[in-house]
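The values are calculated or read from the model by the stated rules, or taken from the named source; none is laboratory data. Please read these numbers as outputs of a predicted model, since none were measured by experiment. Glycine gets a Cβ as well: all are built from the backbone with ideal geometry, and neighbour counts include every protein chain shown. SASA here: full protein model, heavy atoms, side chains in, ligands and nucleic acids out. Shrake-Rupley method; radii C 1.70, N 1.55, O 1.52, S 1.80 Å.
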Amino acid sequence: MNQADSAIMAALLVEDGYVPAESEGEAGIILLNTCAVRENAVERIEHYLQHLLGMKRKQKDLILGVAGCIPQYQREEMFSMSPAIDFLAGPDTYRSLPLLISQARSGKRAASLEFNPAETYAGIDPRRQGLITAFVPVMRGCNNMCAYCVVPFTRGRERSHTMSSVLDEVRKVAASGYREITLLGQNVNSYSAPDRDMDFAGLLEAVSRQAPELRIRFTTSHPKDISESLVRTIARRPNICNHIHLPVQSGSSRVLGLMNRGHTIEQYREKIALIRSVIPDVSLSTDLIAGFCGEDEADHQLTLKLLSDIRFDAAYMFFYSTRPGTLAARTLEDDVPEAVKKRRLQEIIDLQNDISGQLLQQSIGSVVEVLAESESRRSAAQLMGRTDTNRAVVFDRKGYQPGDLVSVLITSATSATMTGTPTDSPRC
Ligand code: SF4
């Protein structure tokens, strides 16, 4: 979502006459787009602001703005994080960036942090980076109140883009040569078109028909809201990728209750059973939090059991850290010692890496279709891409270019990546 927001901010600034700089050292304005979801992200911004303060001391007219979720979360207190900051903009106020910059030029520290429940940035043509995958937001904000999460406080109430604006955007993206679209929202399953009677399953189907040559992905889904009609749409439409990211956070219904997730682990398992019965070759990934408030050893064992039973293809795994102002910070005690959180997280990571590795090993000898995204980090003689099930594959280049769809014979695998060689040469 932040990448999509950065593309909107870049478009607004270019429209106002600014030109993207080649490097940080050449820039007259530096705008940091920030994430407040984890403590670690906030610490990284604090360190980066130290570095920028050094730059500002040498380049007196450098303007520095901080945008996105951290200023929305910390509000004007954010100014005390660093004297280098000239202005603050929240996720709903990017249209005021030109005004904030001109106030900063006149020496005034300014902040624009109002929520605007109507703001979807409709009508702005984002300046995206890269030419393979385009992020297309379909909704912003979240009406859930998961106890650990800052999103309702940083991005405000849910609002959906009109279906016609999403389809216009998809048309433009397809005409620009992109090969893949990822529809974005904090909880895409809550999508409800303001301009017609249409839910997310209907939107996804319409997008896949609008751009039949492109791969279509979406993120993120909430387990309580993912519908059977959505699952059947994924199964029916060939260009919708067979991958669902379905955050579970914990394997214990008791902890899910403390987290205010709105479903039990039995209901989650039922959703997974439905998905697998309708899309047998689906790939599933999830998010997990170790050591949430009140989690005991028995809860942790239930999480490990869930991983063993479901055998997710991949997971994003973290240990819990309190985010001030959230429901958990106000009502629950952060009572799991840090050493225990870290040990539980490590057990989760070890088990999940084992499972991911075993699943990838099973692909050795198969031929998969890969959308090439970039040169591999290790060698220009190899490309990196993804299968429609979102598995990363590194393969010998053999004349292929990023953007090509390549049939790749898998010859080896680790817990995160498959390696292979194309079965063909590119057609001229
Ligand atoms: S669904 Fe829960 S975790 Fe996801 S953004 Fe909303 S409040 Fe946060």
>> Filter segment 206-230 down to the residues that are closer than 29 Å to Gln267 by Cα and part of a strand (DSSP E or B) and list them by number.
In response: Ile216, Arg217, Phe218, Thr219
> Filter segment 151-195 for residues that are within 16 Å of the ligand (Cβ to nearest atom) and of a type in the set (A, V, I, L, M, F, W, C); which is farthest from Thr326 (Cα to Cα)?
Replying inline: Leu183
>> Condition first: within 16 Å of the ligand (Cβ to nearest atom) and surrounded by 15 or more Cβ atoms within 10 Å (Cβ to Cβ). Now tell me which residues in segment 96-120 satisfy that.
In response: Phe115
> Can you spot a residue in segment 272-283 that is within 19 Å of Met145 (Cα to Cα) and open to solvent by 30 Å² or more (accessible area, probe 1.4 Å)?
Replying inline: no
>> Here is a list: Gly141, Gly123. Which entry is more than 18 Å from the chain's Cα centre (by Cα) and either within 16 Å of the ligand (Cβ to nearest atom) or open to solvent by 10 Å² or more (accessible area, probe 1.4 Å) (or both)?
In response: Gly123
> Counting only residues that are open to solvent by 10 Å² or more (accessible area, probe 1.4 Å), within 16 Å of the ligand (Cβ to nearest atom) and closer than 18 Å to Phe135 by Cα, how many does segment 206-254 have?
Replying inline: 4
> Of the residues that make up segment 66-83, is at least one free of Cβ contacts under 8 Å to residues at least 12 places away in the same chain and within 16 Å of the ligand (Cβ to nearest atom)?
Replying inline: no
